[in-house]
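Beneath this line is the structure, given in structure tokens, with notes to follow.
The values are calculated or read from the model by the stated rules, or taken from the named source; none is laboratory data. Note that the structure is a prediction, hence the values are computed from the model and not measured. Glycine also receives a Cβ, built like all others from the backbone with ideal geometry; neighbour counts cover every protein chain displayed.
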């Protein structure tokens with residue numbers, strides 16, 4: 001193969017590898033979003049379950065207190081029965097004091113029972129509201145997850161196509177050039193090839209020497225940017241559509257800049 005064919009295949013290979021990275025990122029993002037949505041539902045369900053348990057606990061406490069109330073009322077009744085048998089004022093006052101204490105106990109228990117029942121009633125309203133919110137949230141999340149899974153399936157299919165293209169183009173690149181590319185790619189953030197446009201490297205945004213640019217344009221050899229060391233190519237002689245012009249010197253550019261492949 002000629003230098004032109006080798007470089008063209010390499011540029012197409014890098015384009016597909018970068019595309020594969022983007023597809024993988026999108027698939028990962030869908031998975032993370034799906035798990036986050038499910039976590040939101042789980043948290044909402046936990047709120048409902050906690051409220052239901054609080055209602056159960058409040059009603060159980062009220063039931064237990066109801067037994068305490070009956071016991072306290074029996075104590076009051078016994079003291080009142082004893083009043084018929086007192087023979088002195090001192091005994092009467094003592095029993096009246098016991099009755100007052102027991103009646104206070106009855107009142108305290110009744111108050112606590114009412115508080116538990118009020119808590120239960122209040123929580124029933126909260127549960128009803130939270131369950132309605134949960135139903136709507138589940139509908140929304142289920143719809144979003146279904147849409148995300150459709151997108152994910154499309155991305156998985158796209159990924160298979162991209163992998164097949166990577167294998168095809170990798171088979172067209174000479175072994176020595178592939179080794180050089182892989183070595184640069186490993187050191188340069190996954191980008192081993194850089195387009196040169198109007199004497200500027202579009203990846204590191206550095207001006208290329210005019211002579212080096214001419215040699216790259218004329219495909220005299222496989223050349224590297226003197227600044228970032230990536231393998232250089234000029235789109236036009238390779239029959240590729242050029243990328244956008246570079247930013248002004250000193251401005252950042254996209255690290256994954258690569259020519260758009262024409263059919």
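How many residues, within the range 1-20, are touching a helix residue (DSSP H, G or I) at 6+ places or on another chain (Cβ under 7 Å) and surrounded by fewer than 18 Cβ atoms within 10 Å (Cβ to Cβ)? Even if it seems obvious, please write down each step before you answer.
Here is the first cut: in the range 1-20, the ones touching a helix residue (DSSP H, G or I) at 6+ places or on another chain (Cβ under 7 Å) are 4, 6-13, 16-17, 19-20.
Now drop any that are not surrounded by fewer than 18 Cβ atoms within 10 Å (Cβ to Cβ), which leaves 4, 20.
So the answer is 2.
Can you find even one residue in the range 79-95 that is in contact with a helix residue (DSSP H, G or I) (Cβ under 8 Å, 6 or more places away or on another chain), crowded, with 16+ Cβ neighbours inside 10 Å, at pLDDT below 65 and not in a loop (DSSP other than H, G, I, E, B)? Show your work before the answer.
If we filter the range 79-95 for residues that are in contact with a helix residue (DSSP H, G or I) (Cβ under 8 Å, 6 or more places away or on another chain), which is where we start, we get 79-80, 82-83, 86, 92, 95.
Right, trim to crowded, with 16+ Cβ neighbours inside 10 Å and you get 79, 95.
Retained after the next criterion (residues that are at pLDDT below 65): 79, 95.
Next cut, not in a loop (DSSP other than H, G, I, E, B) only: 79, 95.
Checked against the condition, which is being in contact with a helix residue (DSSP H, G or I) (Cβ under 8 Å, 6 or more places away or on another chain), crowded, with 16+ Cβ neighbours inside 10 Å, at pLDDT below 65 and not in a loop (DSSP other than H, G, I, E, B), the range 79-95 yields at least one hit.
In the range 191-234, which residues are surrounded by 14 or more Cβ atoms within 10 Å (Cβ to Cβ) and either at positive phi or assigned by TED's automatic domain parsing to the domain that holds residue 15 (or both)?
199, 205, 219, 229
Taking the options 74, 24, name whichever one is in a helix (DSSP H, G or I) and at pLDDT below 75.
Details: 24 fails: at pLDDT below 75.
Going through 74, 24 in turn, the sole match is 74.
Taking residue 125 as the residue in question, decide whether it is at pLDDT below 80, assigned to a helix (DSSP H, G or I) and exposed (fewer than 12 other Cβ atoms within 10 Å of the Cβ).
Working: at pLDDT below 80: yes; assigned to a helix (DSSP H, G or I): yes; exposed (fewer than 12 other Cβ atoms within 10 Å of the Cβ): yes.
Judged against the criteria, residue 125 is a match.
Please find, among 167, 157, the residue that is within 30 Å of residue 39 (Cα to Cα) and either outside any helix (DSSP H, G or I) or at pLDDT 85 or above (or both). Even if it seems obvious, please write down each step before you answer.
Working: 167 fails: within 30 Å of residue 39 (Cα to Cα).
157 is the lone residue from the list that is within 30 Å of residue 39 (Cα to Cα) and either outside any helix (DSSP H, G or I) or at pLDDT 85 or above (or both).
Using the structure shown, decide if residue 162 is surrounded by 13 or more Cβ atoms within 10 Å (Cβ to Cβ), over 30 Å from residue 8 (Cα atoms) and touching a helix residue (DSSP H, G or I) at 6+ places or on another chain (Cβ under 7 Å). So that I can check it myself, show each step before the final result.
Numbers: surrounded by 13 or more Cβ atoms within 10 Å (Cβ to Cβ): yes; over 30 Å from residue 8 (Cα atoms): no; touching a helix residue (DSSP H, G or I) at 6+ places or on another chain (Cβ under 7 Å): yes.
Answer is no for this residue.
Quick one: would you say residue 180 is farther than 21 Å from residue 22 by Cα and in a helix (DSSP H, G or I)?
yes
To keep it simple, each residue is scored yes or no on (1) without any contact (Cβ under 8 Å) to a residue 12 or more places away in the chain; (2) under 21 Å from residue 226 (Cβ atoms).
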residue	(1), (2)
122	yes, no
137	no, no
140	yes, no
145	no, no
152	no, no
157	yes, no
168	yes, no
193	no, yes
200	no, yes
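Considering only the range 2-15, I want to know if a residue exists there that is modelled with pLDDT of 90 or more and not in a helix (DSSP H, G or I).
The first filter runs over the range 2-15 and keeps only residues modelled with pLDDT of 90 or more, leaving 2-15.
With the extra rule that they be not in a helix (DSSP H, G or I), the set shrinks to 2.
Checked the range 2-15: at least one residue is modelled with pLDDT of 90 or more and not in a helix (DSSP H, G or I).
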